[in-house]
Amino acid sequence: QFRRALVGERWTAWMHLVRRLIDVQLSDQPDSTHWKLARNGVFTVKSFFMDLIN
């Protein structure tokens, strides 16, 4: 049986993960993606590039 103690940096990393996941709500709906940098929600290289240069 292999276990590591959650102390120091490991504890900090664990708590960071827990805080990130605490508000996640799962559902039976199919997964979907939405690209926030484009109005229509679809990824394009142009939208990515425009965000990089602005």
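By how many nm would the segment from Met15 to Phe49 lengthen if fully extended, with 0.36 nm per residue of separation less the alpha-carbon distance? Show your work: numbers first, answer last.
Numbers: separation 34, 0.36 × 34 = 12.24 nm, distance 3.39 nm.
My answer for the length gained is 8.8 nm.
Quick one: net charge around Phe43, please, counting Lys, Arg +1 and Asp, Glu -1 for every other residue with C-beta under 12 Å from its C-beta.
Working: positive: Lys36, Lys46; negative: Asp51.
Every neighbour counted, the sum reads +1.
Which is farthest toward the positive dipole end of the chain among Gln29, Ala13, Ser47, measuring Cα position about the Cα centre, with Cβ charges +1 (Lys, Arg) and -1 (Asp, Glu)?
Ala13
How large is the charge dipole for the chain, taken about the Cα centre, if only the Cβ atoms of Lys, Arg (+1) and Asp, Glu (-1) carry charge, to the nearest 20 debye? Walk me through the numbers on the way to the answer.
Numbers: 8 positive and 5 negative charges, 43 e Å.
Magnitude of the dipole: close to 200 debye.
Relative to the first principal axis of the alpha-carbon coordinates of the chain, what is the inclination of helix 9-21, with its axis defined by its Cα atoms, in degrees from 0 to 90 and to the nearest 10?
That works out to roughly 50 degrees.
Just how many % of Cα pairs in the chain lie over 14 Å apart, if you round to the nearest whole percent? It would help to have the intermediate numbers written out before the result.
Numbers: 1037 of 1431 pairs.
More than 14 Å apart: 72 percent of the Cα pairs in the chain.
Values in this text are rule-based calculations from the coordinates and carry no lab data. Computed from a predicted structure; not experimentally measured. Neighbour counts are summed over all protein chains in view; Cβ atoms, including those assigned to glycine, are modelled from backbone coordinates with ideal geometry.
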